[in-house]
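**Q** This is the structure I have questions about; it appears just below.
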Amino acid sequence: MSAINLDRRVVGEAASTHEATPKPATNYLNHETTIASWLLTLDHKRIGLLYLVGISLMFVLGGAFAGLIRLELMTPKGDLLTGDVYNKSFTAHGVVMIFLFLIPSIPAVLGNFLLPIMIGTKDVAFPRLNLLSFYVYAAGGVFLALALLLGGVDTGWTFYTPLSSTYANGNVMVAALGVFVIGFSSILTGLNFVVTIHRMRAPGMTWFRMPLFVWAMYATSLIQILGTPVVAITIALVGFERFLGVGIFDPRLGGDPILFQHLFWFYSHPAVYIMILPSLGVASELVSTFSRKGVFGYHIIACSSIAIAIFGFVVWAHHMFTSGLSQYAAMVFSVLTFSVAIPSGIKVFSWLATMYKGSVSLASPMIFFFGFIGLFTIGGMTGLFLSTLGTDIHLHDTYFVVAHFHYIMVGGAIMGFMGGIHYWWPKITGRMYNETLAKISAALIFVGFNFTFFPQFFLGYMGMPRRYHEYPEELQVLNVLSTVGASVLAIGYLTPGIYLPFSFFFGKKAPKNPWGATTLEWTECESPPSPHNFDHNPPVYDHVYDYSTLNKEAAVVSH
Amino acid sequence: MSAHNSANVEAHAGHPHHEPASLVVYFSTFSALMILTILTIWAGMQDFGALNTPIALGIASFKAVLVVLFFMHVLHSSTLTKLTIFASMYFLGILMVFTLADYLSRGWTGQ
Ligand code: HEM
Ligand SMILES: [Cu+2]
């Protein structure tokens, strides 16, 4: 166990109180234990855990559909699934993974748990809205489940018109309603975070003393508030057209199908930043803690999060280069898309500079970080291939795009989420997990991921289109590689599903600050935190990542 | 370290004196909206040619502004609230301008 006991006040007496804890301290997990105290809780920490259970189930569901897709693609012929079932599988996979897993993942779980603590307050600004957001999420999930049970939807997660508005079966509106409802859960979370950050920071917690994770959550929340209503309206418009015959997207009624793509991507490109920005925030925390060094370029990382949120709104039509978009608009959007890579690049370089001459430790969250930074960079760089107008004509709607966004959303966002879960697990549960298993899991995920998705760059380049259940025989080798990789990846994800819950019940008790981190959740809160986080206003330091105070007190360093 | 408290500073700045808005304001806003609605209907029955849509949108936007300023109390709200409204309008503007950048230039083929 590489726990470093850095607890400032307890250092002296640590030895005596270590093994025999006479009275278990009350914390947010044990102060109330009824089912109702969980389901009706207003505590941001418990709501975070409710979400953790919800999204984990959805991850398994979405993963099952991914398994179906990859199994079908083992062979060139469509022998396992019919074309129709295949279409429904990738639609279900995309919808579940994006709307029910990835969008709420970091904000609703780690954000809910940590954001109030990190800025030194007792809860979010609107605890009731917070609980409501969870049930709205669940209600949206029910609609999506219903759409599945009624026979599924085959439009893809993008719901493009005129397929969705005119030709697809009626389930598409049930699913769209689900997405509509879940959107409000996302808006509520974002709203809560923005108000909390503006209004509830502890005395002394100025904007530039906030941890970078909080900055990332702020930027994410802005996108959620500004973008999500647009997709809600877009879905409503599809409904108007389907049921009332109002001509919006159907040319026969005087509408324009491409308008749907404009409206959809106006939300959904920023939505990809809802998925990745929180992960970038987690990365900044990890790299600082495990390099024992302040983040290089704190201010510029904070501002780059905001810049990503803003630039993210002016690049959407890069998804539409082949749709009949005007050439002038395509050029403008291509140029603007390049600009969004700049703030992302700034972050990557800052993390590297943070590690440079830092005292880098290889604890499991850091292993996840290494995976994250590599995969995110590949994902971002291939995004530039796609933003290049000419190249995209060839690559659009091929497996190259599929590989690109999985490198970012799975390699970047989920890797960051896993890193964050492993990093804060001792704080959330008060227990340490098995470090060796965690490292094995990180390695399996990294290797499995690359085997799954790297071949897809070649497949796409060779012209294999996405969303077909058959392909020419000469592409089989790469597809088999991809399916084998996916099995390794699945094992990598299932392992934490075993050792994390196990540690929750049987793990070694976690000290207050096992990693020697400097942010408030580690320095001022017990593991797990008490129901109201703090019993006093926490001290706020000039520089949030200041290891000089901690270093002096690093009394016990054990391996 | 906790010399000044930005959160509190902001909270104070956020609450200018709140006069309970008088009924007169509400009723005159309401009447203005009604008159504008009649204007909308009247304008809908005329043919202004190319100006049809701009005129309809113009009246509608004016009504929206009245609702925002008086019914939603934005006129007497904090700077932060105004900034929030401005930001959302700005984002709506981005949506419109960039989408129109496509529609209005469909014919420019570069040949
Ligand atoms: C450097 C930043 C990025 C650039 C330049 C970029 C560029 C692009 C471009 C041009 C496309 C359209 C390709 C096509 O359909 O022909 C695309 C697709 C996509 N990107 Fe990115 N991207 C970037 C970052 C991200 C991030 C951060 C995410 C997610 C977290 C993401 C997720 C996606 C998704 C989901 C699609 C495909 C959507 C679909 O058609 O189903 N991208 N990207
Ligand atoms: Cu995009």
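**Q** If we scan the range A:109-132, do we find a residue that is among the hydroxyl-bearing types (Ser, Thr, Tyr), at pLDDT 95 or above and open to solvent by less than 40 Å² (accessible area, probe 1.4 Å)?
**A** In the first step, residues of the range A:109-132 are kept if they are among the hydroxyl-bearing types (Ser, Thr, Tyr); the result is A:121.
Right, trim to at pLDDT 95 or above and you get none.
No, that holds for no residue.
**Q** What's the total number of residues in the range A:357-380 that are within 16 Å of ligand 1 (Cβ to nearest atom) and open to solvent by 10 Å² or more (accessible area, probe 1.4 Å)?
**A** 6
**Q** When only residues in the range A:317-352 that are of a type in the set (Phe, Trp, Tyr) and surrounded by 22 or more Cβ atoms within 10 Å (Cβ to Cβ) count, which is farthest from ligand 1 (Cβ to nearest atom)?
**A** A:Trp351
**Q** If the requirement is being hydroxyl-bearing (Ser, Thr, Tyr) and at pLDDT 95 or above, which of these qualifies: A:Thr234, A:Thr196? Break it down into steps so the answer makes sense when it comes.
**A** Numbers: A:Thr234 fails: at pLDDT 95 or above.
It is A:Thr196.
**Q** Looking at (1) part of a helix (DSSP H, G or I); (2) modelled with pLDDT under 95; (3) out of contact with any Lys or Arg (no Cβ under 9 Å at 6 or more places or on another chain), find the lone condition where A:Ser305 falls short.
**A** (3)
**Q** Shifting gears a bit: Given the options A:Leu395, A:Leu384, name the one that is of a type in the set (A, V, I, L, M, F, W, C), within 16 Å of ligand 2 (Cβ to nearest atom) and touching a His at 6+ places or on another chain (Cβ under 9 Å).
**A** A:Leu395
**Q** Can you report the number of residues in the range B:62-82 which are touching a Phe, Trp or Tyr at 6+ places or on another chain (Cβ under 9 Å) and either within 30 Å of A:Ala329 (Cβ to Cβ) or within 11 Å of chain A (Cβ to nearest Cβ) (or both)?
**A** 0
**Q** Taking into account only those residues within the range A:180-209 that are away from every other protein chain (no Cβ under 11 Å) and among the aliphatic types (A, V, I, L, M), which is surrounded by the most Cβ atoms within 10 Å (Cβ to Cβ)?
**A** A:Ile182
**Q** Which residues, taken from the range A:212-233, are over 18 Å from the mean Cα position of the chain (by Cα) and more than 11 Å from every other protein chain (Cβ to nearest Cβ)?
**A** Those that are over 18 Å from the mean Cα position of the chain (by Cα) and more than 11 Å from every other protein chain (Cβ to nearest Cβ): A:Val231, A:Ala232.
**Q** Among the numbered criteria (1) open to solvent by less than 40 Å² (accessible area, probe 1.4 Å); (2) in a helix (DSSP H, G or I), which single criterion is violated by A:Asn87?
**A** (1)
**Q** So which of A:Leu263, A:Leu244 is in contact (Cβ under 8 Å) with a residue 12 or more places away in the chain and either open to solvent by 10 Å² or more (accessible area, probe 1.4 Å) or within 14 Å of chain B (Cβ to nearest Cβ) (or both)?
**A** None of the others qualify; the one that does is A:Leu263.
Residues are listed down the side, and each one gets a yes or a no for (1) assigned to a helix (DSSP H, G or I); (2) more than 22 Å from the chain's Cα centre (by Cα); (3) crowded, with 20+ Cβ neighbours inside 10 Å; (4) within 14 Å of ligand 1 (Cβ to nearest atom):
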residue: A:Ser268; (1), (2), (3), (4): yes, no, yes, yes
residue: A:Ile276; (1), (2), (3), (4): yes, no, yes, yes
residue: A:Val287; (1), (2), (3), (4): yes, no, yes, no
residue: A:Lys293; (1), (2), (3), (4): no, yes, no, no
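**Q** While we're looking at this one, here's another question. So is A:Phe249 open to solvent by less than 10 Å² (accessible area, probe 1.4 Å), within 14 Å of another protein chain (Cβ to nearest Cβ) and modelled with pLDDT of 90 or more or not? Give the steps one after another, and end with the answer.
**A** Working: open to solvent by less than 10 Å² (accessible area, probe 1.4 Å): yes; within 14 Å of another protein chain (Cβ to nearest Cβ): yes; modelled with pLDDT of 90 or more: yes.
Spelling it out, A:Phe249 is indeed open to solvent by less than 10 Å² (accessible area, probe 1.4 Å), within 14 Å of another protein chain (Cβ to nearest Cβ) and modelled with pLDDT of 90 or more.
**Q** Being at pLDDT 50 or above and of a type in the set (A, V, I, L, M, F, W, C) narrows it down to one of A:Leu6, A:Leu68, so name that one.
**A** A:Leu68
**Q** Here's something else I'd like to know. For A:Ala283, indicate whether it is in contact (Cβ under 8 Å) with a residue 40 or more places away in the chain, in a helix (DSSP H, G or I) and within 15 Å of ligand 2 (Cβ to nearest atom).
**A** Against the criterion (in contact (Cβ under 8 Å) with a residue 40 or more places away in the chain, in a helix (DSSP H, G or I) and within 15 Å of ligand 2 (Cβ to nearest atom)), A:Ala283 does not qualify.
**Q** Right, something else. List every residue pair whose Cβ atoms sit under 7 Å apart, with the two residues 6 or more apart in sequence or on different chains, where the first one lies in the range A:375-401 and is of a type in the set (Gly, Ala, Ser) and the second, anywhere, is away from ligand 2 (no atom under 16 Å from the Cβ).
**A** A:Gly379/A:Gly411
**Q** Taking B:Ile85, is it of a type in the set (A, V, I, L, M, F, W, C), closer than 30 Å to A:His319 by Cα and either surrounded by 14 or more Cβ atoms within 10 Å (Cβ to Cβ) or more than 9 Å from chain A (Cβ to nearest Cβ) (or both)? Walk me through it before giving the result.
**A** On the way: of a type in the set (A, V, I, L, M, F, W, C): yes; closer than 30 Å to A:His319 by Cα: yes; either surrounded by 14 or more Cβ atoms within 10 Å (Cβ to Cβ) or more than 9 Å from chain A (Cβ to nearest Cβ) (or both): yes.
Yes, satisfied.
**Q** Something else: Assigned to a helix (DSSP H, G or I), buried (at least 22 other Cβ atoms within 10 Å of the Cβ) and within 16 Å of ligand 2 (Cβ to nearest atom): is that true of A:Val231 in this structure?
**A** Details: assigned to a helix (DSSP H, G or I): yes; buried (at least 22 other Cβ atoms within 10 Å of the Cβ): yes; within 16 Å of ligand 2 (Cβ to nearest atom): yes.
Yes; evaluated as a whole, the condition is true for this residue.
**Q** Regarding A:Gly312, is this residue open to solvent by 10 Å² or more (accessible area, probe 1.4 Å), within 21 Å of the chain's Cα centre (by Cα), within 13 Å of ligand 1 (Cβ to nearest atom) and not aromatic (Phe, Trp, Tyr)?
**A** No: the conditions fail for A:Gly312.
**Q** Ok, one more. Right, A:Val314: on the phi < 0 side of the Ramachandran plot, free of Cβ contacts under 8 Å to residues at least 60 places away in the same chain and within 16 Å of ligand 2 (Cβ to nearest atom) or not?
**A** yes
**Q** Criterion first (buried (at least 19 other Cβ atoms within 10 Å of the Cβ), away from every other protein chain (no Cβ under 14 Å) and within 14 Å of ligand 1 (Cβ to nearest atom)) does A:Ile301 satisfy it?
**A** Considered against the rule, which asks whether it is buried (at least 19 other Cβ atoms within 10 Å of the Cβ), away from every other protein chain (no Cβ under 14 Å) and within 14 Å of ligand 1 (Cβ to nearest atom), A:Ile301 comes out as no.
The values are calculated or read from the model by the stated rules, or taken from the named source; none is laboratory data. Please read these numbers as outputs of a predicted model, since none were measured by experiment. Every residue, glycine as well, gets a Cβ built from its backbone with ideal geometry; the counts of neighbours run over all protein chains shown. These area figures cover heavy atoms from the full protein model, side chains too; ligands, DNA and RNA do not enter into them. Shrake-Rupley method; radii C 1.70, N 1.55, O 1.52, S 1.80 Å.
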